[in-house]
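Since the structure comes first, as structure tokens, the remarks are kept for the end.
The values are calculated or read from the model by the stated rules, or taken from the named source; none is laboratory data. Predicted, not measured: the structure shown is a model, and the values here were computed from it. For neighbour counting, all protein chains shown are included, and Cβ atoms are generated from backbone atoms with ideal geometry for every residue, glycine included.
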Amino acid sequence: MQTSGNTILITGGTSGIGRALAERFQAGGNQVIIAGRRQALIDEIIAANPGMAGFAMNIDDPADIARAAQEIIAAYPALNVLINNAGIMRFEDAASARDLSDAEGMITSNLLGPIRMTDALIDHLKTRENPAIVNVTSGLAFVPLLSTPTYNATKAALHSYTLALRALLAGRVEVIELAPPAVQTDLTPGQATREGYLPLADFIDEVMGLFAQTPTPAEINVERVQFLRRAEIEGRLDQTIAMINAH
């Protein structure tokens with residue numbers, strides 16, 4: 001994936017990793033378009049980053065995804081990179097019967113959202129120069145946190161979906177997976193200042209360095225996440241599950 005001269009759409013681009021990626025890619029010589037639910041926040045971010053664009057969109061609503069995709073293509077026909085970043089994380093106890101609204105919401109946002117967004121843009125992307133799709137998964141796709149079983153499952157499913165897309169689109173669209181470790185963001189309450197989590201700025205610095213490699217790695221995995229990514233490969237999955245859940 002080229003690192004400058006792109007027109008990049010980032011879903012969930014109004015906070016956390018999405019916003020940080022948007023600002024770094026914009027500063028690096030790309031036209032960045034952010035998509036999020038709150039127009040006021042989009043306007044604030046655009047004002048702070050001259051040249052950036054934004055569209056309000058509800059990633060849970062297939063009709064709204066289709067509407068936004070059409071508007072973005074019309075306004076920015078050079079669009080050649082999609083970063084599927086939008087998602088939510090909720091804690092739940094799967095060991096007892098419970099209200100499944102959080103589980104259903106995570107499946108809709110974290111899995112159906114990227115699938116629908118990709119579907120809305122794939123035919124356009126295939127016509128562009130240097131097209132790419134980046135799916136943001138998680139280290140928890142590989143080693144589950146027991147308090148977030150549905151979240152883990154959505155990210156594991158998106159990892160598998162990414163593998164399939166990469167093979168299907170080989171030679172036509174570059175497909176990349178970005179799997180963050182625990183990063184200091186507002187994804188869950190208190191996470192932005194949680195001790196032991198990777199500071200967002202440090203994470204983004206390492207990520208941008210990986211994107212700059214030639215060729216771009218198929219998986220953008222910072223050093224901190226390799227412990228989870230390689231747990232099963234190295235035959236220590238059970239021990240790693242026990243270790244991360246002991247905390």
Restricting to strands (runs of 3 or more DSSP E) lying wholly in the range 1-83: which have 3 or more residues that are crowded, with 21+ Cβ neighbours inside 10 Å? 7-11, 31-36
Which of (1) surrounded by fewer than 17 Cβ atoms within 10 Å (Cβ to Cβ); (2) in a helix (DSSP H, G or I); (3) touching an Asp or Glu at 6+ places or on another chain (Cβ under 8 Å) is the odd one out, the single condition residue 123 does not satisfy? (3)
Could you tell me whether residue 133 is touching a Leu at 6+ places or on another chain (Cβ under 9 Å), surrounded by 13 or more Cβ atoms within 10 Å (Cβ to Cβ), assigned to a helix (DSSP H, G or I) and of a type in the set (Val, Ile, Thr)? no
Quick check, is residue 148 over 28 Å from residue 7 (Cα atoms) and surrounded by fewer than 23 Cβ atoms within 10 Å (Cβ to Cβ)? yes
Could you check, for the range 226-240, whether at least one of its residues is aromatic (Phe, Trp, Tyr), farther than 25 Å from residue 8 by Cβ and modelled with pLDDT under 95? no
Please state which one of 109, 147, 96 is without any contact (Cβ under 8 Å) to a residue 24 or more places away in the chain and either farther than 25 Å from residue 238 by Cα or not hydrophobic (A, V, I, L, M, F, W, C) (or both). 96
If a residue counts only when it is among the β-branched types (Val, Ile, Thr), which helices (runs of 4 or more DSSP H) contained entirely in the range 145-247 have at least 3 such residues? 149-168, 237-246
Mind listing just one residue for me: the one in the range 91-120 that is touching a Ser or Thr at 6+ places or on another chain (Cβ under 7 Å) and in a loop (DSSP other than H, G, I, E, B) and, of those, farthest from residue 21 (Cα to Cα)? 92
List the residue pairs whose Cβ atoms are under 9 Å apart, where the first residue sits in the range 181-205 and is free of Cβ contacts under 8 Å to residues at least 12 places away in the same chain and farther than 21 Å from residue 142 by Cα, the second is among the hydrophobic types (A, V, I, L, M, F, W, C) and assigned to a loop (DSSP other than H, G, I, E, B), and the two are 6 or more positions apart or on different chains. 202/222
Quick one: in the range 209-246, of everything that is more than 23 Å from the chain's Cα centre (by Cα), loosely packed, with under 13 Cβ neighbours inside 10 Å and free of Cβ contacts under 8 Å to residues at least 40 places away in the same chain, which residue is nearest to residue 167 (Cα to Cα)? 233
